[in-house]
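Heads up: the structure comes next, in structure tokens.
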Amino acid sequence: MYLFLVLNLNTLWVAVSIAMQHGHYDMCKTQTKSDEGIVWEYMACQPESKDMTQFLKIRLDPPNSTCGDPPEPFCTMGNPYMCNNECDASTKELAHPPELMFDSEGRTPSTFWQSVTWKNYPTPLQINITLSWNKTIELTQNIAITFESGRPEKMILEKSLDYGVTWQPYQFYAADCLDAFRMEPKSVNDLSASTVLDIICTEEYSTGYAAHAKTISFEIKDRFAIFAGPRLHNMASLYSQLDTTKNLRDFFTVTDLRIRLLKPATGATFVDERNLGRYFYAISDVKIYGRCKCNLHANSCTFTNNRLACDCEHNTTGQDCERCKKNYQGQAWSPGSYLTIPKGTANVCVSNMPSTVQDKKRKQPITSVFSKVAHSTVPPARVSSHKRANICDNELLRCQNGGVCHNNVRCQCPHGFKGILCENQKCEETGSCPSSKSGQESITHNLYLTTMIIVARLCTL
């Protein structure tokens with residue numbers, strides 16, 4: 001019984017730990033009670049991380065770089081002197097098309113894409129593999145590329161943030177970084193908070209063929225660990241950095257990735273020109289985990305009509321929730337914020353005008369409403385020039401009587417007060433408020449403020 005309890009407590013602790021690391025920002029809104037009744041409380045939110053290779057499109061350049069058309073022999077990967085294997089695109093069992101980079105693994109023998117051999121040596125055997133999502137993606141785990149051939153002696157991983165219009169290097173890989181790219185070799189473990197965005201060349205993944213060493217990695221989690229700790233136990237610190245440093249967010253954000261294969265494994269200091277069938281590229285698996293970028297305005301992403309799109313909340317719309325919906329442009333669109341942790345700030349899009357003005361049954365022009373309070377002694381506010389006025393605006397329409405702005409949408413009123421700006425005393429409902437001249441002036445003032453809200457909203461139309 002005691003062991004059972006311990007095991008259950010341990011399971012609970014693991015679940016809680018995982019939730020603490022990865023459970024932030026999985027809800028966009030929840031209902032809460034307030035003085036005004038049941039209202040929505042909005043929070044920053046994002047989709048869960050998943051294997052993104054199921055949504056990508058692949059392109060090879062040159063397009064005829066896959067082996068098998070025409071059929072050709074190649075050498076056994078583990079034994080470069082056994083060259084009685086054949087690649088034939090017209091035979092399923094002998095074909096090695098690009099989609100085999102992303103199929104289910106665990107089969108024996110493994111399936112893989114394979115390039116043509118280096119039969120045209122000394123012309124370089126160089127192939128670009130472009131992976132495109134037609135959607136902005138945020139990477140969340142290490143990129144892993146598994147080679148069934150020897151790992152390339154020279155390779156570049158590149159990224160694009162503008163759907164392949166421009167490209168930037170992510171990392172260089174070489175057996176000799178100085179010779180290949182004129183760069184000193186480095187490891188991601190050499191990076192710090194001030195150099196986390198540095199583009200490095202590494203030699204640790206560019207050895208020749210080895211059965212136990214097939215993978216090339218781009219270390220996302222090791223860079224996260226610079227801020228979140230070795231086991232990513234302090235995700236709050238990482239989220240704070242991502243929230244306040246745009247370059248850091250952009251570093252882990254892509255629309256496309258490109259694998260530039262520049263030189264195959266040779267396993268020697270020279271190329272054996274008498275046996276060129278031993279030199280080629282072969283990739284059995286590519287792992288890319290990430291999430292749709294939704295600007296913290298969605299907790300799910302849907303793949304329909306061969307395209308990913310965020311299921312936007314917070315009155316936002318667009319493939320990345322990058323703009324406000326029609327009739328919800330009362331203030332400028334803004335992405336959500338990870339801060340304050342753990343719920344963040346939603347930065348919802350607000351209505352162009354309050355519900356009282358949206359009522360189609362109103363009979364009195366707004367100019368008539370304004371004229372009725374024109375006699376007020378309150379100094380006039382600059383309404384017409386304030387194009388994005390809203391209830392929590394610090395310049396014009398601040399919460400009254402100690403009210404606190406909540407999610408940039410409404411005032412959260414202290415005890416004893418209610419109303420849009422917390423301008424009314426609850427005691428007015430029962431007539432128990434003290435009668436005084438100042439009370440009457442307060443009513444006039446509140447009527448003026450309420451009218452200002454209406455006028456300000458109309459000015460945004």
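The values are calculated or read from the model by the stated rules, or taken from the named source; none is laboratory data. Just so you know, these numbers come straight off a predicted model, no measurement behind them. With ideal geometry, Cβ positions are generated from the backbone for all residues, glycine too; neighbour counts draw on all protein chains shown. When the accessible area is computed, the model is the full protein with side chains, heavy atoms only, and any ligands, DNA or RNA have been set aside. Shrake-Rupley method; radii C 1.70, N 1.55, O 1.52, S 1.80 Å.
Per atom type, region 137-253 shows carbon and sulfur on 48% of its accessible surface, probed at 1.4 Å. Remark: the Cα gyration tensor places region 150-234 in the oblate category, a/c being 1.5 or greater and a/b not exceeding b/c.
Sparse packing (at most 16 other Cβ atoms within 10 Å of the Cβ) combined with a DSSP loop state is found for the following GluC sites (Glu not before Pro) in region 262-337: GLU273. Projecting the Cα atoms of HIS233, ILE288, LEU191 onto the charge dipole of region 181-325, computed from C-beta unit charges around the Cα centre, puts ILE288 farthest toward the positive end. What is the sum of charges, Lys and Arg at +1 and Asp and Glu at -1, for the other residues whose Cβ falls under 12 Å from the Cβ of ALA228? That works out to +2. According to the square roots a ≥ b ≥ c of the eigenvalues of the Cα gyration tensor, what is the shape class of region 106-265, taking rounded for a/c under 1.5, prolate for a/b larger than b/c otherwise, and oblate for the remainder? Cα axes put region 106-265 in the prolate bin.
Report, in listed order, any pair from LYS57/LYS325; LYS29/LYS293; LYS186/LYS263; LYS221/LYS246; LYS154/LYS293 with a Cα-Cα distance greater than 27 Å. Long pairs (Cα-Cα over 27 Å): LYS57/LYS325; LYS154/LYS293. Computed extension gain for SER49 through ASP103, at 0.36 nm per residue and net of the alpha carbon distance, reaches 17.5 nm. Summed over the residues of region 143-265 and divided among them, the accessible surface reaches 43 Å² per residue at a probe radius of 1.4 Å. Across region 92-154, the fraction of Cα-Cα pairs farther apart than 19 Å, rounded to a whole number, is 48%. Simple spin-label estimate for GLU72 and ASN128 gives 2.1 nm between the two label positions (7 Å along the Cα-to-Cβ direction from each Cα). The charge dipole of region 33-144, taken about its Cα centre with unit charges on the Cβ of Lys, Arg, Asp and Glu (plus for the first two, minus for the last two), comes to roughly 300 debye. The mean sequence separation of alpha-carbon pairs under 8 Å and at least six residues apart, normalised by the residue count of region 195-304, gives a relative contact order of 20 percent. Taking other residues whose beta carbon is less than 13 angstrom from the beta carbon of LEU56, and scoring Lys, Arg as +1 and Asp, Glu as -1, yields +4.
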